[in-house]
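To start, the structure itself, in structure tokens.
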Amino acid sequence: MRTKNRLLAMLATLAAVSLTPITASAAPEPYLGISNSTELSGGKPSGQKIGDLPKDFEALPAANAEPQSNCPRTKDDLKALRDAGQDKAVCVEWQTPQEFAKTQKTAAASAANAVWCSAQPQNTVYVERTSICSKHGVVIIVKDTTTGMIYGKAYGTIQQEIDTQNANAEFIEYMSFNLTSSDVTSSVMTVQVDSTCSLDTSCKDSASAWGTPRPITVGGSLDGTMTRRWTGAKGRKSFLIDYTLKVKIGGGSGYAEWGGDGQPGDGQYLVRCDNEVTALIGCVVPSYTPTFVVDDKYSEAKQFIGMVQASTNLHPGWEGKGQPLHREADPAEVNKNRAVICDSTFKPASSTPNPQCDEFPFARSKESGRRLGVLSGGECQQYSVLRDSITGGLRLYWPGLNQGQMPNPNAKCGRASMPKVQNEGVGGDLGRKTAKWRLLDGDAYWVDAGQPVG
């Protein structure tokens with residue numbers, strides 16, 4: 001009984017907030033073109049600059065890779081270096097959280113060098129649909145090649161931000177290196193960063209200031225941008241970018257690597273470009289799962305989606321409760337989904353204005369009831385948007401509502417007699433978001449119909 005009361009209360013809340021619909025069986029194909037709005041015409045909203053904090057972003061799971069550096073080999077290399085006439089050996093490794101917290105207190109924050117995740121914990125990769133951001137602390141160690149004793153250590157911070165464009169094949173990376181402190185007394189220190197986005201010619205790199213050694217002193221900062229472009233014109237291509245930081249002090253040199261196979265950030269610096277969603281080529285960060293927010297102006301359709309999410313055991317598309325939906329890009333599969341859910345058992349309600357068969361999960365998702373084994377829409381939860389005879393307003397209704405009964409929690413889908421304007425309105429919004437996010441077949445997305453996350 002408490003579950004029923006909680007769901008009824010949730011419905012009342014959703015109605016107050018005015019929920020909305022998503023795709024429909026009778027709705028036209030979602031619009032997948034490019035509009036004149038700034039939302040779709042470029043990769044970033046107008047006026048956004050490097051360092052601007054995105055409205056929504058997420059941290060990627062740890063890659064569980066050991067830091068790749070030359071420090072573990074330094075002990076074995078000391079004799080070879082000594083025989084080659086070098087009196088000092090240099091190696092680079094990642095800072096521990098304790099070291100990073102200590103060195104950041106002495107670092108001079110520079111707004112010009114800040115990336116949008118600069119306030120987030122270090123050694124974590126953060127993403128949103130058109131950007132990747134990270135910050136890492138490094139320790140540069142100098143040893144005596146004869147005794148193996150440590151002469152001194154230097155501490156630095158690498159910040160980087162990759163920004164893609166959803167209507168352009170070009171993506172840009174900003175990177176900075178700050179030398180926060182050092183007790184190394186030696187000749188000039190130089191820093192260089194090599195990066196690879198493709199082993200073939202499909203990714204073209206522009207010339208970068210990072211390609212040659214650059215001198216740096218304590219308290220100093222080096223920065224620069226790298227521009228890359230997908231050279232293809234059809235299909236799709238993913239680029240897994242990896243990096244090597246090279247540090248030279250006197251005759252010694254050391255390095256640290258990240259982004260590549262088995263390295264810190266393995267698989268996380270990933271950009272995907274394609275021309276399969278719109279007529280224009282664009283690039284996104286596919287590891288970020290966007291959220292489709294159902295517009296409040298489609299209130300009854302939003303209530304319908306919210307009720308299906310809340311009352312079924314699967315909680316489709318509800319972040320923190322269920323699993324995300326995944327785009328179905330094959331029109332033939334979409335038509336089959338609709339034909340099953342909106343079959344002859346669907347009877348539009350007489351008081352629904354311009355009724356259409358609406359379904360959730362959407363026909364344009366791989367979680368459509370048909371894909372989950374439903375043979376007829378009659379197996380789904382049943383809803384209707386009715387015109388109230390007294391107030392003249394619309395309300396969402398389902399069998400058993402007036403008796404305090406909830407829809408079947410074991411159902412794998414929901415079906416509703418929905419006003420055309422709401423059904424097609426949500427479908428159109430989803431199509432535009434599909435274009436903006438460049439959702440390819442199988443790409444995941446959440447659906448926000450007013451439910452709390454988590």
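The values are calculated or read from the model by the stated rules, or taken from the named source; none is laboratory data. For clarity, every value in this text was computed on a predicted model and none was experimentally measured. FYI the Cβ positions are ideal-geometry reconstructions off the backbone, even for glycines, and counts take in every protein chain you see. Accessible surface is based on the protein model in full, side chains and every heavy atom, while ligands, DNA and RNA are left aside. Shrake-Rupley method; radii C 1.70, N 1.55, O 1.52, S 1.80 Å.
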**OP:** Quick one: which residue in Asp242, Asp163, Asp194 is at pLDDT 90 or above, within 20 Å of the chain's Cα centre (by Cα), within 26 Å of Asp77 (Cα to Cα) and of a type outside the set (Ser, Thr, Tyr)?
**Re:** Asp242
**OP:** Could you figure out which of (1) closer than 25 Å to Asp448 by Cβ; (2) in contact (Cβ under 8 Å) with a residue 24 or more places away in the chain isn't true of His315?
**Re:** (2)
Original post:
Looking at this structure, is Ser344 out of contact with any Gly (no Cβ under 7 Å at 6 or more places or on another chain), modelled with pLDDT of 95 or more and crowded, with 16+ Cβ neighbours inside 10 Å?
Top reply: no
**OP:** Go through segment 436-454 and count every residue that is more than 14 Å from Asp296 (Cα to Cα), buried (at least 23 other Cβ atoms within 10 Å of the Cβ) and aliphatic (A, V, I, L, M).
**Re:** 1
Original post:
Looking at segment 200-246, which of the residues that are part of a strand (DSSP E or B) and among the basic types (Lys, Arg) is surrounded by the fewest Cβ atoms within 10 Å (Cβ to Cβ)?
Top reply: Lys204
Subject >> Verdict on Lys366 being in contact (Cβ under 8 Å) with a residue 12 or more places away in the chain and touching a His at 6+ places or on another chain (Cβ under 7 Å) >> reply: yes
Original post:
Going by the structure shown, is Leu270 in contact with a strand residue (DSSP E or B) (Cβ under 8 Å, 6 or more places away or on another chain), of a type in the set (A, V, I, L, M, F, W, C) and within 22 Å of Asn166 (Cβ to Cβ)?
Top reply: yes
**OP:** Spot the failing condition for Asp295; the list is (1) under 23 Å from Arg438 (Cα atoms); (2) loosely packed, with under 15 Cβ neighbours inside 10 Å; (3) of a type in the set (D, E, K, R), and only one is missed.
**Re:** (2)
Original post:
What about Pro324, is it under 22 Å from Ser376 (Cβ atoms) and touching a residue at least 24 places away in the same chain (Cβ under 8 Å)?
Top reply: no
**OP:** Give Lys336, Lys302 a once-over and let me know the one that is of a type in the set (Lys, Arg), surrounded by fewer than 19 Cβ atoms within 10 Å (Cβ to Cβ) and touching a residue at least 24 places away in the same chain (Cβ under 8 Å).
**Re:** Lys336
Subject >> Given (1) at pLDDT 95 or above; (2) in contact with a helix residue (DSSP H, G or I) (Cβ under 9 Å, 6 or more places away or on another chain); (3) open to solvent by less than 40 Å² (accessible area, probe 1.4 Å), index of the condition Thr289 fails >> reply: (2)
**OP:** Count, please, the residues in segment 347-357 that happen to be touching a residue at least 60 places away in the same chain (Cβ under 8 Å) and open to solvent by less than 50 Å² (accessible area, probe 1.4 Å).
**Re:** 5
Subject >> strands (runs of 3 or more DSSP E) enclosed by segment 261-317 - at least 1 residues per element that are under 17 Å from Arg327 (Cβ atoms) and acidic (Asp, Glu) >> reply: 270-274
Subject >> Residue, modelled with the lowest pLDDT, within segment 166-191, restricted to residues that are in contact with a helix residue (DSSP H, G or I) (Cβ under 9 Å, 6 or more places away or on another chain) and farther than 19 Å from Gly224 by Cα >> reply: Ser181
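Quick test for you: out of Gly369, Gly322, Gly317, pick the one residue that is of a type outside the set (Phe, Trp, Tyr), at positive phi and modelled with pLDDT of 95 or more.
Unique residue meeting the criteria: Gly317.
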